[in-house]
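Read through the structure below, which is laid out as structure tokens, and then see the notes.
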Amino acid sequence: MSGVYIISAPSGSGKSTLVDRVRQIVPSLKFSISYTTRAHRGDEQNGREYFFVSRAEFEEMIRKDEFLEYANVFGNYYGTARRFLREAEEEGKDLLLDIDVQGAAQIKAKIPDAVSIFVLPPNRQELEKRLRTRSLDAEEVIQRRLVTASREIEKYDKYDYILVNDRLEESIDALKSILLAERRKRSGAQAQGQRSADETNLMAKAERCRLSNVRERLQPILASFEKTAAPGGR
Ligand code: ADP
Ligand code: 5GP
């Protein structure tokens, strides 16, 4: 049975950057390419970032029960096809899903063993800066994404791990550690006394991102977003 890893984040936090890098260094990881009804952005290619389909095609897939989960995000459908989990199992790989908080809840309900990771920016100001630096969205879209981010961030405590994406190289290392530590646990990790130094180090790095171990660090991050959610705030 494949391990399932869910990664969610407010748009602009750096999730795609992290996922792209981690896919290159963690072996036997299959990435689920979602279906979406949203338009192409930048140099995205059909079948690489997403399968771009019409609303009618997406709704036909819903009718045929082809989705493991799907949701409406920013007014468009996004969904994970069941076939990716089937293929991951046939290939003996773990499956990595880059999906939103609604999709994550659906997967957790269906696959309780799925491991969920929430990526956060260091604060709201930095998120806004990253959204602008990426320069893929119009100003109005950026503002909408910031408001949505404040709502999504409230769901952080539904996740197993929290990754504050401050320094990129450290975040890549932390994400790699979480995936590998969880994989080892699934395959019946060695008793603590028998672990190699590398393994102990890996487990410790992953453990530092456990929800219970980051609550205090999250307070100023969450506070920076509360202002956005407040009436009259941007
Ligand atoms: P997401 O997939 O979460 O929407 P992206 O991966 O597109 O976000 O990243 C948004 C922008 O932030 C990109 O320009 C990316 O290069 C930049 N970025 C990602 N991680 C970091 C980081 N740790 N520090 C600074 N900039 C980052
Ligand atoms: P974007 O349009 O920026 O690529 O993605 C917008 C949001 O949709 C992100 O939060 C992303 O994680 C989410 N998303 C992408 N694919 C899926 C999917 O298959 N299912 C769900 N529920 N969300 C998805």
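The values are calculated or read from the model by the stated rules, or taken from the named source; none is laboratory data. In this text the structure is predicted, and so the values were computed from the model without any measurement. Reconstructed Cβ throughout: ideal geometry from the backbone, glycine too, with neighbour counts over all protein chains shown. Note: areas computed on protein heavy atoms with side chains; ligands, DNA, RNA excluded. Shrake-Rupley method; radii C 1.70, N 1.55, O 1.52, S 1.80 Å.
Seen from LEU218, the other residues with C-beta closer than 15 Å to its C-beta sum to a net charge of -1, counting Lys and Arg as +1 and Asp and Glu as -1. The shape of the stretch 1-100 comes out oblate: with a ≥ b ≥ c from the C-alpha gyration tensor, a/c is at least 1.5 while a/b does not beat b/c. With the charge dipole of the chain set up from +1 on Lys and Arg Cβ and -1 on Asp and Glu Cβ about the Cα centre, the Cα lying farthest toward the positive end among the listed residues PHE51, CYS209, PHE67 is that of CYS209. Dividing the summed helix terms, -39500 (n - 2.57) for each DSSP H run of n ≥ 4, by the number of residues in the chain produces a 222 nm estimate of -15500 deg cm²/dmol to the nearest 500. Ranking ILE162, ALA104, VAL119 by Cα position along the charge dipole of the stretch 82-200, where only Lys, Arg, Asp and Glu carry charges on their C-beta atoms, puts ALA104 farthest toward the positive end. Compared with the direct C-alpha span, the chain from ILE33 to ASP137 gains 35.3 nm at full extension, assuming 0.36 nm per residue. When both bridge partners sit in the chain, DSSP labels roughly 30% of those beta bridges antiparallel. Computed from point charges on the beta carbon alone (+1 for Lys and Arg, -1 for Asp and Glu), the dipole magnitude for the stretch 104-192 about its Cα centre is near 300 Debye.
Each Lys and Arg adds +1 at its Cβ and each Asp and Glu adds -1 at its Cβ; summed about the Cα centre, the chain shows a dipole of about 340 debye.
When only the Cβ of Lys, Arg, Asp and Glu is charged (+1, +1, -1, -1), the dipole of the stretch 52-179 relative to its Cα centre reaches about 340 debye.
Charge tally around LYS176: other residues with Cβ under 10 Å, Lys/Arg +1 each, Asp/Glu -1 each, net +1. The residues of the chain expose on average 51 square angstrom of accessible surface per residue, using a 1.4 Å probe on protein heavy atoms. Counting lysine pairs in the chain whose alpha carbons fall under 17 angstrom apart, excluding pairs fewer than 8 residues apart on the same chain, gives 16. Would you please classify the overall shape of the chain from the alpha carbon gyration tensor, given that a ≥ b ≥ c denote the square roots of the eigenvalues, rounded means a/c under 1.5, and beyond that prolate means a/b larger than b/c while oblate covers the rest? Oblate, since a/c reaches 1.5 and b/c is not below a/b. For the stretch 71-162, with all protein chains in place and a probe radius of 1.4 Å, 49% of the accessible heavy-atom surface sits on carbon or sulfur. Please tell me the relative contact order of the chain in percent, rounded to the nearest whole number, where contacts are Cα pairs under 8 Å and at least six residues apart. Once divided by the residue count of the chain, the mean separation gives 26 percent.
Other residues lying with their Cβ under 13 Å from the Cβ of MET61 contribute a combined charge of -1, Lys and Arg counting +1, Asp and Glu -1.
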